[in-house]
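Step one of this worksheet: look at the structure below.
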Protein chains: 2
Amino acid sequence: MTLQNDVFLRALLREPTPYTPVWLMRQAGRYLPEYRATRARAGDFLTLCKTPELATEVTLQPIDRFGLDAAILFSDILTVPDAMGLGLYFAEGEGPKFQRPLRDEAAIQALAAPDPTVELRYVMDAVRSIRRALGGRVPLIGFSGSPFTLACYMVEGGGSDDFRHIKTMLYRRPDLLHRILDVTARAVTDYLNAQIEAGAQAVMIFDTWGGTLTPHAYREFSLAYIARIVAGLTREAEGRRVPSIVFTKGGGLWLEAIAECGADAVGVDWTVSLGEARRRVGDRVALQGNLDPAALLGDAEAVRREAVRVLEAFGPGPGHVFNLGHGISQHVDPDNVAVLVETVHAFRHRGD
Amino acid sequence: MTLQNDVFLRALLREPTPYTPVWLMRQAGRYLPEYRATRARAGDFLTLCKTPELATEVTLQPIDRFGLDAAILFSDILTVPDAMGLGLYFAEGEGPKFQRPLRDEAAIQALAAPDPTVELRYVMDAVRSIRRALGGRVPLIGFSGSPFTLACYMVEGGGSDDFRHIKTMLYRRPDLLHRILDVTARAVTDYLNAQIEAGAQAVMIFDTWGGTLTPHAYREFSLAYIARIVAGLTREAEGRRVPSIVFTKGGGLWLEAIAECGADAVGVDWTVSLGEARRRVGDRVALQGNLDPAALLGDAEAVRREAVRVLEAFGPGPGHVFNLGHGISQHVDPDNVAVLVETVHAFRHRGD
């Protein structure tokens with residue numbers, strides 16, 4: 001099926017585009033009433049993730065409503081550790097948890113990468129189903145958490161505000177943490193390649209917690225494994241390059257290093273000016289970002305002003321995919337998202 | 001009373017010192033059994049803060065135990081908004097809360113700076129009491145939260161993980177936020193000057209939440225008010241300069257701008273290499289930091305290795321105050337703090 005809108009894929013490869021493409025992290029989410037309706041029908045979040053027709057439905061909702069330039073697979077970042085047998089569950093109002101956090105040496109030594117076409121078949125079924133439903137309107141992004149970010153949840157047993165257990169392991173038993181990261185990096189590589197095989201046209205690695213590390217530990221425990229995954233990715237599918245995006249939240253200080261990891265594009269949170277980021281990474285990678293997600297809590301005028309500020313900070317020339325600097329909040333008015341998409345699509349740099 | 005150890009004050013002014021001085025954010029805290037004993041006697045946290053003899057006791061505990069190079073006033077950063085009438089309380093296991101969060105326009109217009117010698121007299125009494133108890137062993141640091149950080153708690157009504165209310169105000173009614181920040185900046189200036197008058201020999205401004213802003217909003221809503229406070233500080237007391245330290249957690253990307261705010265020293269969290277930080281700020285300011293607080297969860301060997309990494313990253317020459325990149329965790333073994341202090345005090349740069 002011919003891809004009707006490839007502006008997103010071209011921007012990721014730093015090719016010229018008629019306008020700046022835009023999609024939003026967590027664009028299929030609770031701020032949308034149609035999402036909440038499907039979610040209610042599913043009963044619980046994991047059923048929504050594990051039922052391909054429902055995952056397809058919510059993936060397409062923001063595409064239908066806003067005319068975004070890319071769809072992203074609706075799934076959870078913890079599907080991989082779940083498939084490794086840690087027992088993912090969601091306690092109401094508490095975020096994700098694992099029944100069997102990974103802390104003792106025997107369990108860590110026994111950890112094995114799952115076969116994504118078996119244990120994660122429901123994800124591949126969702127990818128195929130979404131591709132069919134999209135009918136070539138926009139490309140589909142596959143994704144995974146980074147090994148370090150997944151390890152945070154695996155070792156802590158859920159979310160954390162101090163990452164005490166994983167950091168204790170990092171400083172006391174780095175060998176055990178490396179073992180977890182090694183297995184997880186292989187699992188993520190297989191998982192992303194299976195998504196590409198099933199139809200994902202770009203892939204993104206979310207490193208949500210790498211930014212909590214020192215510069216030295218970030219390189220050793222997060223970026224090195226991301227680079228290993230990127231090196232193992234399928235480069236082409238359906239006769240086209242499959243671009244990769246790496247996003248470390250809070251990684252603005254390390255952009256030069258991240259830009260060397262082999263990915264085509266680097267996601268940037270809202271604490272960095274995109275102009276400065278661009279000067280620092282040069283023409284090595286495209287940049288994706290970076291509106292403060294909270295700007296969408298402002299009025300329409302603030303949304304327009306802040307969106308233009310991001311576009312102008314990046315400046316003219318190829319290689320910008322507009323996005324938020326982090327996932328969209330459930331408290332956002334969908335009308336503000338419409339204003340945002342319209343503003344980005346209508347914007348032209350002086351001289352363009 | 002003669003100050004017997006002024007290494008900390010001299011390092012803040014980038015004067016040569018025989019060794020690198022060290023103190024730790026939240027050094028009087030729950031990781032110390034003697035602190036927990038005093039805290040239990042006080043009954044609750046606010047009573048501990050508001051009773052000068054108890055505040056004195058806990059302030060001196062880490063000095064007695066570890067031989068640190070500075071003491072810091074034991075208090076809470078929310079004393080100022082409490083004195084403004086917002087009604088600070090601590091719900092067990094939930095962190096600080098305000099009975100009257102600041103959200104409606106009338107309350108914001110009515111906000112007034114308290115007289116620190118009246119409404120915050122208990123703090124000044126604690127400063128005087130601590131100075132007497134220290135007897136000139138080491139200098140005493142006074143402190144306050146930054147206006148933006150205080151405003152976060154005032155508008156949210158407590159801690160937050162998304163800062164939704166204050167960011168909504170920032171993007172919808174920046175005039176109201178500026179009004180809060182303006183009053184709070186005046187209150188903080190008066191508060192710090194009263195602490196200096198009572199005996200504080202250096203002052204530190206904690207900007208815990210400025211790092212959640214965009215670069216543009218950081219300058220407008222946080223740094224501008226910090227600079228205004230620094231400009232209004234008493235420069236000298238007891239015939240000696242009173243150095244000021246500004247610490248924005250997550251502000252590593254903006255160090256050049258922070259170094260221009262007028263402060264003598266800039267606190268740095270653990271996500272920046274101190275060597276890189278030093279190259280960026282040049283000789284404008286001293287630097288304070290920046291061990292990953294979680295390194296103290298490691299074994300003694302890891303504590304030594306990571307401390308030396310920080311010392312070597314800064315390199316030889318004046319202007320380094322060793323500290324953590326954020327407050328010490330309650331889960332730290334005090335023996336590790338002893339190892340840390342010993343390592344820092346024994347360290348000499350090659351050629352020194």
Against the conditions (1) more than 11 Å from chain B (Cβ to nearest Cβ); (2) out of contact with any Asp or Glu (no Cβ under 7 Å at 6 or more places or on another chain), where does residue A:294 fall short? Just the number, please. (1)
Does residue B:347 count as among the aromatic types (Phe, Trp, Tyr) and either crowded, with 19+ Cβ neighbours inside 10 Å or under 30 Å from residue B:37 (Cα atoms) (or both)? no
Being of a type in the set (Lys, Arg), within 14 Å of chain B (Cβ to nearest Cβ) and touching a helix residue (DSSP H, G or I) at 6+ places or on another chain (Cβ under 9 Å) is the requirement here; does residue A:179 meet it? no
Answer yes or no: is there a residue in the stretch A:228-236 that is touching a Lys or Arg at 6+ places or on another chain (Cβ under 7 Å) and surrounded by fewer than 18 Cβ atoms within 10 Å (Cβ to Cβ). yes
Given (1) assigned to a loop (DSSP other than H, G, I, E, B); (2) surrounded by fewer than 20 Cβ atoms within 10 Å (Cβ to Cβ), where does residue A:138 come up short, assuming only one miss? (2)
From B:39, B:10, B:30, B:65, which residue is over 20 Å from residue B:327 (Cβ atoms) and basic (Lys, Arg)? B:10
Only one of A:173, A:137 is within 21 Å of the chain's Cα centre (by Cα), modelled with pLDDT of 95 or more and basic (Lys, Arg). Can you tell me which? A:137
Given (1) touching a strand residue (DSSP E or B) at 6+ places or on another chain (Cβ under 9 Å); (2) in a loop (DSSP other than H, G, I, E, B); (3) crowded, with 21+ Cβ neighbours inside 10 Å, number of the condition residue B:8 does not satisfy: (2)
Check the stretch B:241-259 and report whether any residue there is part of a strand (DSSP E or B) and either modelled with pLDDT under 95 or over 30 Å from residue B:338 (Cβ atoms) (or both). yes
Can you say whether residue B:348 is free of Cβ contacts under 8 Å to residues at least 40 places away in the same chain and either outside any helix (DSSP H, G or I) or within 13 Å of chain A (Cβ to nearest Cβ) (or both), as far as the supplied structure shows? no
Whether any residue in the stretch A:259-282 is more than 18 Å from the chain's Cα centre (by Cα), more than 21 Å from residue A:16 (Cα to Cα) and away from chain B (no Cβ under 11 Å) is what I want to check. yes
Being in contact (Cβ under 8 Å) with a residue 12 or more places away in the chain, within 11 Å of chain B (Cβ to nearest Cβ) and in contact with an Asp or Glu (Cβ under 8 Å, 6 or more places away or on another chain) narrows it down to one of A:300, A:237, so name that one. A:300
Does residue A:252 fit the bill of being exposed (fewer than 15 other Cβ atoms within 10 Å of the Cβ) and not acidic (Asp, Glu)? no
Quick check on the stretch A:118-126. Is at least one of its residues within 14 Å of chain B (Cβ to nearest Cβ), of a type outside the set (D, E, K, R), surrounded by fewer than 18 Cβ atoms within 10 Å (Cβ to Cβ) and in contact (Cβ under 8 Å) with a residue 60 or more places away in the chain? no
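The values are calculated or read from the model by the stated rules, or taken from the named source; none is laboratory data. Bear in mind the structure is a predicted one, so any value in this text is a computation, not a measurement. Neighbour counts are summed over all protein chains in view; Cβ atoms, including those assigned to glycine, are modelled from backbone coordinates with ideal geometry.
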